[in-house]
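Each remark here refers to the structure printed beneath this line.
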Amino acid sequence: PASVEFRNVSMRYGAVTAVDNVSFTVEAGKLVTLLGPSGCGKTTTLRMIAGLEIASDGQILIGGQDVTKLSAADRDVSMVFQSYALFPHMSVLENAAYGPTVKGLGKEKSREMALEKLALVGLKGFENRYPSELSGGQQQRVAVARALVLEPQVLLFDEPLSNLDAKLRRRVREEIRELQQDLNLTVAYVTHDQEEALAVSDKIIVMSNAKIAQQGAPRELYEEPANAFVADFIGDANLIDVTVTAVADGRATVAIGPASVSLPARGLPAGPARVAIRPESLLLTGQAGPGSLPGTVRKCAYLGNHLDLMVETQVGELFVVQYGHHPMLAAGTPVNLTLAGSGVTLIPP
Ligand code: ADP
Ligand code: MG
């Protein structure tokens with residue numbers, strides 16, 4: 001497998017900037033996800049890796065080689081499209097053998113290569129069917145076999161689960177991750193689903209409005225979001241306006257309503273800021289204290305393995321999740337909230 005590197009890459013279509021000065025690396029043998037809402041530039045980024053679009057600006061390297069101006073045919077990259085894009089008039093075997101056939105590797109050799117990849121994705125015995133005779137999940141596997149057949153340096157997936165039902169999605173995403181790890185593939189994977197991204201990725205690149213909002217390991221993005229967009233897009237977050245009263249030795253003293261807490265300053269100066277607090281990082285203690293925030297339970301819902309609570313405080317209504325088997329709290333119950341040691345992050349105002 002080869003690495004992929006973007007250096008200050010932009011893509012413009014007339015007045016529309018689809019991708020704006022983006023830099024990242026997909027290390028060889030890793031799965032990196034491009035995550036973001038519809039229209040943020042994910043597909044355009046994949047198409048630039050494939051060579052289906054030529055970047056307006058910047059540099060693209062694959063395996064350390066500058067491929068910025070190379071067309072798709074001259075890059076060793078395959079793509080699994082959102083729609084699968086199977087040839088309806090070709091059998092499963094012919095679809096999977098398409099790449100080597102077009103490359104002129106001969107009928108027998110192409111067939112052999114296709115059979116091997118079809119077996120790999122669990123489609124032994126389906127060779128003579130046509131796409132219309134397969135389920136959505138099986139069609140997707142044909143698309144994966146077809147993309148793998150020439151053993152590309154880089155494999156791209158554009159929202160590969162969007163045409164599958166919810167139950168199948170979970171299984172197929174695990175299969176893709178296993179295949180990627182077993183074959184040591186370099187994969188760039190596009191999704192708008194944050195849970196899917198957390199589940200399969202070595203690294204997540206969060207995109208918003210054609211730019212990178214943050215990139216990092218799944219745990220890093222969840223526990224230490226760099227800004228409100230990432231905090232809100234990955235998981236749930238309470239976003240609260242706060243005041244940083246002092247900064248010393250990289251730590252900030254932060255006033256959250258009447259509570260005073262110490263948090264990593266992350267380069268922010270004294271003055272107005274915000275904190276992003278995960279719902280499970282708000283702990284219900286009984287006792288009042290300098291680091292606690294008094295509140296009143298407004299809603300409490302039982303969800304089996306956790307309680308969802310809405311707690312009214314001086315800094316607004318906060319969403320609190322209590323995992324485990326806790327007793328219900330009636331509306332009107334006074335509580336004190338304290339902060340857990342993780343999942344509480346200072347972000348710009
Ligand atoms: P995503 O895959 O994240 O939904 P896209 O990469 O498809 O987003 O699109 C990003 C932006 O670029 C959108 O505003 C889209 O309308 C625009 N765009 C994409 N392709 C073209 C094109 N060929 N011509 C003009 N605008 C385009
Ligand atoms: Mg897209």
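Please treat every number below as a calculation from the coordinates, not as lab data. Please read all numbers here as calculations on a predicted model, not as lab measurements. For neighbour counting, all protein chains shown are included, and Cβ atoms are generated from backbone atoms with ideal geometry for every residue, glycine included.
Inside segment 56-80, can you point out the residues that are among the hydrophobic types (A, V, I, L, M, F, W, C), more than 16 Å from ligand 2 (Cβ to nearest atom) and not in a helix (DSSP H, G or I)?
Here is the first cut: in segment 56-80, the residues among the hydrophobic types (A, V, I, L, M, F, W, C) are 60-62, 67, 70, 72-73, 77, 79-80.
Next, only the ones that are more than 16 Å from ligand 2 (Cβ to nearest atom) stay: 60-62, 67, 70, 72-73, 77.
Ile60, Leu61, Ile62, Val67, Leu70, Val77 - these are the residues of segment 56-80 that are among the hydrophobic types (A, V, I, L, M, F, W, C), more than 16 Å from ligand 2 (Cβ to nearest atom) and not in a helix (DSSP H, G or I).
Scanning segment 97-119 for residues that are β-branched (Val, Ile, Thr) and touching a helix residue (DSSP H, G or I) at 6+ places or on another chain (Cβ under 7 Å) gives a single hit, Thr101. Just so you know, in segment 131-163 the residues that are more than 16 Å from ligand 1 (Cβ to nearest atom) and of a type in the set (S, T, N, Q) include one that is nearest to Leu105 (Cα to Cα), and it is Gln153. Taking segment 190-204 as the range and being within 16 Å of ligand 1 (Cβ to nearest atom) and polar (S, T, N, Q) as the test, the residues that pass are Thr191, Gln194.
Have a look at Ala237, Ala276, Ala210 and point out the one that is of a type in the set (A, V, I, L, M, F, W, C) and more than 28 Å from Val335 (Cβ to Cβ).
Ala210
Return the residues of segment 102-112 that are part of a helix (DSSP H, G or I) and either surrounded by fewer than 18 Cβ atoms within 10 Å (Cβ to Cβ) or not polar (S, T, N, Q) (or both); say none if nothing qualifies.
Of everything in segment 102-112, those that are part of a helix (DSSP H, G or I) and either surrounded by fewer than 18 Cβ atoms within 10 Å (Cβ to Cβ) or not polar (S, T, N, Q) (or both) turn out to be Val102, Lys107, Glu108, Lys109, Arg111, Glu112.
A single member of Ala147, Ala73, Ala85 is on the phi > 0 side of the Ramachandran plot and among the aliphatic types (A, V, I, L, M), and it is Ala85. For segment 312-343, residues that are surrounded by 18 or more Cβ atoms within 10 Å (Cβ to Cβ) and closer than 21 Å to Ala228 by Cα total 6.
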